[in-house]
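*Asks:* Can you read through this structure? Questions will come right after.
The values are calculated or read from the model by the stated rules, or taken from the named source; none is laboratory data. Quick caveat, the model's predicted, so the values are computed rather than measured. FYI the Cβ positions are ideal-geometry reconstructions off the backbone, even for glycines, and counts take in every protein chain you see. The protein model used for the area step is the full one, side chains on, heavy atoms only, and it has no ligands, DNA or RNA in it. Shrake-Rupley method; radii C 1.70, N 1.55, O 1.52, S 1.80 Å.
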Amino acid sequence: MPPQGESIGIAIEDAILFARTLAKYRASPLSETFRVYEELRRHRIDEQYQEASRRWETVRDCGYIVSKLKELFLPWWMWWTSKAREETFLSDAERVTIP
């Protein structure tokens, strides 16, 4: 993950879900535990990585005009993406169903 706030959140979610998966599959081979964990996490991690990478690319030095345009459109962008951000912030690793 690019070094942004999401990286910390993803790491915490990973720790919680992996611990829960280990607890549920303690009698199973470790390879099975990792397989279940990978199935639980891969999609979310890929999505978060892509989003974090896009944001990371946009913070590069882009010049005065582009910077001012970003400032102009930021309120609209925050409104447009509010639902997706809310869903991300409301996700809870304790509520994920472990098969």
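*Asks:* If packing is taken as the average count of other Cβ atoms within 10 Å, what order do 85-91, 19-25 fall into, highest mean first?
*Replies:* Averaged packing, sorted descending, gives the order 19-25, 85-91.
*Asks:* How large is ³J(HN,Hα), in whole Hz, for each residue of the stretch 25-42 in order, when computed from phi with the Karplus curve 6.51 cos²θ - 1.76 cosθ + 1.60 and θ = phi - 60°, using x for Gly and Pro?
*Replies:* Karplus values, whole Hz, x for Gly and Pro: 9, 4, 8, 8, x, 4, 4, 5, 4, 5, 4, 5, 4, 4, 5, 5, 9, 3.
*Asks:* On to the next question. Find the percent of Cα-Cα distances in the chain that exceed 24 Å, and round it to a whole number.
*Replies:* When all Cα pairs of the chain are counted, 38 percent exceed 24 Å.
*Asks:* Ok, one more. Each residue of the stretch 61-71 in order: what ³J(HN,Hα) in whole Hz does its phi give by Karplus 6.51 cos²θ - 1.76 cosθ + 1.60, θ = phi - 60°, with x for Gly and Pro?
*Replies:* Each residue's phi maps through the Karplus curve to give 4, 10, x, 5, 5, 5, 4, 5, 5, 4, 4 Hz.
*Asks:* If you don't mind, another one. What list of ³J(HN,Hα) couplings, whole Hz, do you get for the stretch 44-56 from phi and the Karplus terms 6.51, -1.76, 1.60, once you set θ to phi - 60° and write x for glycine and proline?
*Replies:* With coefficients 6.51, -1.76 and 1.60, one gets 5, 5, 4, 4, 5, 5, 4, 5, 5, 5, 4, 5, 4 Hz.
*Asks:* With +1 on the Cβ of every Lys and Arg and -1 on the Cβ of every Asp and Glu, and nothing else charged, how large is the dipole of the chain about its Cα centre, in debye rounded to the nearest 20?
*Replies:* 20
*Asks:* Please report the relative contact order for the chain, taking Cα pairs under 8 Å with a sequence separation of at least 6, and give it as a percent rounded to a whole number.
*Replies:* Averaging sequence separation for qualifying contacts and normalising by length gives 48 percent for the chain.
*Asks:* If you count only protein heavy atoms with a 1.4 Å probe, what accessible area per residue comes out for the stretch 17-87, rounded to a whole Å²?
*Replies:* Value returned for the stretch 17-87: 82 Å² of accessible area per residue.
*Asks:* Could you name the aspartates and glutamates whose alpha carbon sits less than 18 Å from that of residue 83, not counting residues in the same chain fewer than 8 places away?
*Replies:* Within the straight-line cut-off, residue 83 pairs with 6, 47, 51, 92.
*Asks:* Take the solvent-accessible surface of the protein heavy atoms, probe 1.4 Å, and return the percent of it on the chain that carbon and sulfur atoms account for.
*Replies:* 63
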